[in-house]
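In what follows, a single structure is set out as structure tokens and then discussed.
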Amino acid sequence: MQDITIAMPFVRLGLQGATQAGYDTDRLLKSAGIAPSLLCLPRARVPAQHFVELVRVLQREMADEAMGLLARPQKLGTFALITRALLQEPDLYQALTRYADYYNWFDNGLVTGVHESDGEIVVTLTRSHGHAVLNHYIIESAAMTLHRFLSWLCRSRIELNAVRLDYPEPRWSEEYHSLFFGSPVGFDAPVTELRFSERYATLKPQRTLASLNAYINRAPADMFRPLFTKLFSHQVRSRIIQQLQHGAGLPEMEQVAADLALHSQTLRRRLAGEETTYLRLRTQARRDYALWLLSNESGLSVAEVADRVGFTESSAFIRAFKGWSGMTPVAYRKL
């Protein structure tokens, strides 16, 4: 996950339950490798593996898989208990229906529903009346977790036709493009919905208890990894990162297009269809790899990090990094 970073608003929202419950959040952040002072920087980002560790720390310390963000604690092992029961279901639709039935028994402030509508399977997450859901992070997290798990369970990336979220569009809404694998995301919906084609309903669960246990032990890391992806944006980003990791420099779009057996104009159109550009992907790849190097390769100088992420001059890298994170590379490393 060294090519993935998480925006600071997700860290702040994920911590809110622990903050409200009186936990020492500075200690929790430090134990996950995150400097508490980053919370004050709106443009700051953290490596995905540090965020994954923070989620694990919060769940363990609070004995709550929902990290204090739902009306009632979700005991450790709840997700494992529910998902083990799905391995023997005959198809994805039955597994999804069983998931909703089991999940709703816990009456924790979110009600999961499943129905068919005009050739689509619609999964709904509805806030229960009279139950507090502390913030919208737990809503999107529940939606992401279910989508990733179903794709993993059936060994097939389920392409979402639409994601509708029941809260106003946040300032960092561009982050949701990657959270839901490039699917269209809308806000201010009456209830949260995931919509996908009914053709997926007959997919068969293809996992064993042993593989499920391994999946749960990795959690929540798989939420942030591309899963069976065919998106060109993911393939392009992956190739840029690989080039940088191998010291081969920053590739031009024509080179990446050739690697994908495409003409550059075709690749440009495919990326536009996924609502992104080569320049945006290149910038994100450089930013995230630079953050990972500064967090994990303490022996590298700033000049060496600049070179690794494709800058010929340290000064240009420092300016770019300050634009990405709101601080210089040296200041970030000192946190």
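The residues of segment 156-209 that are in a loop (DSSP other than H, G, I, E, B), in contact with a strand residue (DSSP E or B) (Cβ under 8 Å, 6 or more places away or on another chain) and not aromatic (Phe, Trp, Tyr), listed by number, are ILE158, GLU159, LEU165, ASP166, SER183, PRO184, ALA189, VAL191.
Out of PHE180, PHE187, PHE149, one residue alone is more than 21 Å from GLU275 (Cβ to Cβ) and either modelled with pLDDT of 95 or more or not basic (Lys, Arg) (or both). It is PHE149. Of the residues ALA210, ALA261, ALA272, ALA248, the single one that is loosely packed, with under 14 Cβ neighbours inside 10 Å and within 30 Å of GLU53 (Cβ to Cβ) is ALA210.
List the number of the failed condition for GLN74; all other conditions in (1) farther than 20 Å from ARG207 by Cβ; (2) polar (S, T, N, Q); (3) under 22 Å from the mean Cα position of the chain (by Cα); (4) not in a loop (DSSP other than H, G, I, E, B) hold. It fails just one condition, (4). PRO90 meets each of the listed conditions (1) in the same structural domain as GLU198 (by TED's automatic domain parsing); (2) within 19 Å of the chain's Cα centre (by Cα) apart from (2). Looking at GLU159, GLU175, GLU193, just one residue is over 25 Å from GLN265 (Cβ atoms), modelled with pLDDT under 95 and acidic (Asp, Glu), and that residue is GLU175.
Hey, does segment 210-229 have a residue that's at pLDDT 90 or above, at negative phi, part of a loop (DSSP other than H, G, I, E, B) and charged (D, E, K, R)? Checked against the condition, which is being at pLDDT 90 or above, at negative phi, part of a loop (DSSP other than H, G, I, E, B) and charged (D, E, K, R), segment 210-229 yields no hits at all. For segment 78-103, the tally of residues that are in contact with a strand residue (DSSP E or B) (Cβ under 6 Å, 6 or more places away or on another chain) and at pLDDT below 95 stands at 1. Being at pLDDT 90 or above, surrounded by fewer than 20 Cβ atoms within 10 Å (Cβ to Cβ) and touching a strand residue (DSSP E or B) at 6+ places or on another chain (Cβ under 8 Å) is a property that holds for ARG287.
The values are calculated or read from the model by the stated rules, or taken from the named source; none is laboratory data. The shown structure was predicted, so the numbers you read here are calculated from the model rather than taken from an experiment. In this analysis, Cβ positions are derived from the backbone assuming ideal geometry, glycine residues included, and neighbour counts consider all displayed protein chains.
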